[in-house]
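The values are calculated or read from the model by the stated rules, or taken from the named source; none is laboratory data. This structure is a prediction, so every number in the text was calculated from the model and none was measured. Cβ: placed from backbone, ideal geometry, glycine included. Neighbour counts: every protein chain shown. Quick note on the areas: whole protein, heavy atoms, side chains included, nothing else; ligands and nucleic acids left out. Shrake-Rupley method; radii C 1.70, N 1.55, O 1.52, S 1.80 Å.
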Amino acid sequence: MIALGGVGLMGGSLGLRLKALPSPPRVAAFGRTEKTLRRAQERGAIDSWSLDPAEAVRDADIVVLCAPVRTIPEQMTAIAQSLKPGAIVTDVGSTKEWIIAEAARRLPKGVRFVGSHPMAGSERDGIDAADPALYEQAVVIVTPSTSSDEEALERVKELWRQVGAQPVVLPADAHDRVVASISHMPHVAAALLVNTVAARAKRDSRTTDLAAGGFRDTTRIASSNPGLWRDICLTNRKALLDALDEMHKSLAEFRIALNRNDEKAIESFFTSAKKSRDAVPPKGVGLLPSIIDLFVELADKPGAIAEVTGVLARQDVNIADIEIAHVRGSDDEAPLRLLFDTVNARDRAARALTSAGYTIRMKG
């Protein structure tokens with residue numbers, strides 16, 4: 001049996017995918033609210049639930065703790081005395097050294113803890129945002145601890161393989177340094193950019209009125225759960241401070257170049273960034289949720305957008321967001337941009353719209 005500690009976006013998506021397997025395991029869950037747990041059962045993500053963590057995990061072979069990162073230690077304490085000898089505990093937290101240290105303090109001897117960090121997610125949260133395809137082709141960093149062994153490590157890797165993910169093993173300290181640079185720092189930078197623009201908009205409202213697709217794409221992750229990101233930053237404080245120091249140094253150097261009208265240094269700044277960005281593989285799943293979109297050519301007539309959304313509604317395809325290009329004529333973009341939460345939803349939309357006679361474009 002597998003027990004889930006929390007059935008929001010991460011836990012709910014895991015449960016939905018596990019229950020869709022040809023030979024699904026029994027899945028139990030615990031959480032804080034009866035309403036959420038009942039909804040998870042209604043959606044078919046779990047077989048049973050309890051508000052008592054100890055009761056929910058009593059027969060579990062594997063427990064996956066899916067709470068916000070700073071709540072995970074509380075879950076460990078709540079289940080510690082009810083875990084079977086030899087049980088495996090893992091999690092979905094975004095920092096690993098801190099959680100592994102908490103596991104060593106809170107879990108009893110004989111229980112094996114292996115850290116996990118799925119590189120998947122969404123700005124949406126809660127059980128109704130759960131998607132069985134969330135982990136499809138996602139990288140999951142798996143971090144051994146002093147209480148884990150080869151068997152526990154392999155079973156956790158196999159769990160993630162079963163739901164379509166790609167497990168990669170890293171030491172906890174290496175994991176935290178990497179995610180500080182390519183996940184945690186970008187969230188801070190996006191929030192900083194939005195806050196700066198918001199402050200300037202108080203002096204000139206046109207600042208936000210004219211914000212276009214580039215600004216929205218760059219800052220999309222700033223819409224993520226604030227409490228979640230507070231906890232992530234605090235639990236990976238040292239590695240994040242190191243990454244921010246490097247970014248601050250680079251920004252200071254750029255400011256000096258700009259102040260001096262140093263054309264060569266300014267161009268070099270952007271050239272270096274372009275080369276590094278262009279070297280990032282266009283395919284594959286990384287630490288930040290991808291922008292999953294497609295563009296639709298539309299006739300300029302009343303009701304055109306409603307016809308497109310109607311095609312997708314009949315195929316039960318959910319659209320996360322819609323953008324309309326106010327200026328036509330670009331070679332890169334069509335007038336209507338549709339954004340989706342998953343690649344699966346985007347691909348289903350592409351097939352439905354193509355079958356309905358629409359011309360679509362997809363990047364990457």
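One residue is enough: does the range 226-245 have a residue meeting the conditions over 24 Å from the mean Cα position of the chain (by Cα) and over 30 Å from Ala67 (Cα atoms)?
no
Which residue pairs have Cβ atoms closer than 6 Å, lie 6 or more positions apart in sequence or on different chains, and pair a first residue in the range 62-91 that is of a type in the set (Ser, Thr, Tyr) with a second residue that is assigned to a loop (DSSP other than H, G, I, E, B)?
Pairs that qualify, where the first residue is of a type in the set (Ser, Thr, Tyr) and the partner is assigned to a loop (DSSP other than H, G, I, E, B), are Ser82/Val57; Ser82/Arg58; Thr90/Val114.
What are the residue pairs meeting all of these: first residue in the range 236-252, first residue small (Gly, Ala, Ser), second residue surrounded by 11 or more Cβ atoms within 10 Å (Cβ to Cβ), Cβ atoms under 6 Å, and 6 or more apart or on different chains?
What qualifies is Ala239/Asp176; Ala239/Arg177; Ala239/Ala180; Ala243/Ala180; Ala243/Ser181; Ala243/Met185.
Within the range 19-35, can one find any residue that is of a type in the set (Val, Ile, Thr) and farther than 20 Å from Ala120 by Cβ?
Within the range 19-35, one or more residues are of a type in the set (Val, Ile, Thr) and farther than 20 Å from Ala120 by Cβ.
Test of understanding: among Ala211, Ala257, Ala174, which residue is among the hydrophobic types (A, V, I, L, M, F, W, C) and not in a helix (DSSP H, G or I)?
Testing whether each residue is among the hydrophobic types (A, V, I, L, M, F, W, C) and not in a helix (DSSP H, G or I) leaves just Ala211.
Identify all residues within the range 121-138 that are open to solvent by less than 30 Å² (accessible area, probe 1.4 Å) and either free of Cβ contacts under 8 Å to residues at least 12 places away in the same chain or over 15 Å from Arg43 (Cβ atoms) (or both); write none if there are none.
Hits for the range 121-138 are Gly121, Tyr135, Ala138.
Can you pull out every residue in the range 60-80 that is open to solvent by 60 Å² or more (accessible area, probe 1.4 Å) and at pLDDT 95 or above?
Glu74, Thr77 - these are the residues of the range 60-80 that are open to solvent by 60 Å² or more (accessible area, probe 1.4 Å) and at pLDDT 95 or above.
Which ones in the range 155-181 are open to solvent by 20 Å² or more (accessible area, probe 1.4 Å), over 22 Å from Trp98 (Cα atoms) and not polar (S, T, N, Q)?
Arg155, Glu158, Arg161, listed by residue number.
Just to verify a result, which residue in the range 1-38, among those that are β-branched (Val, Ile, Thr) and open to solvent by less than 20 Å² (accessible area, probe 1.4 Å), is nearest to Gly93 (Cα to Cα)?
Val7
Go through (1) part of a loop (DSSP other than H, G, I, E, B); (2) modelled with pLDDT of 95 or more; (3) open to solvent by 20 Å² or more (accessible area, probe 1.4 Å) one by one and return the number of the condition Gln41 breaks.
Evaluating Gln41 over (1) part of a loop (DSSP other than H, G, I, E, B); (2) modelled with pLDDT of 95 or more; (3) open to solvent by 20 Å² or more (accessible area, probe 1.4 Å) leaves (1) as the failure.
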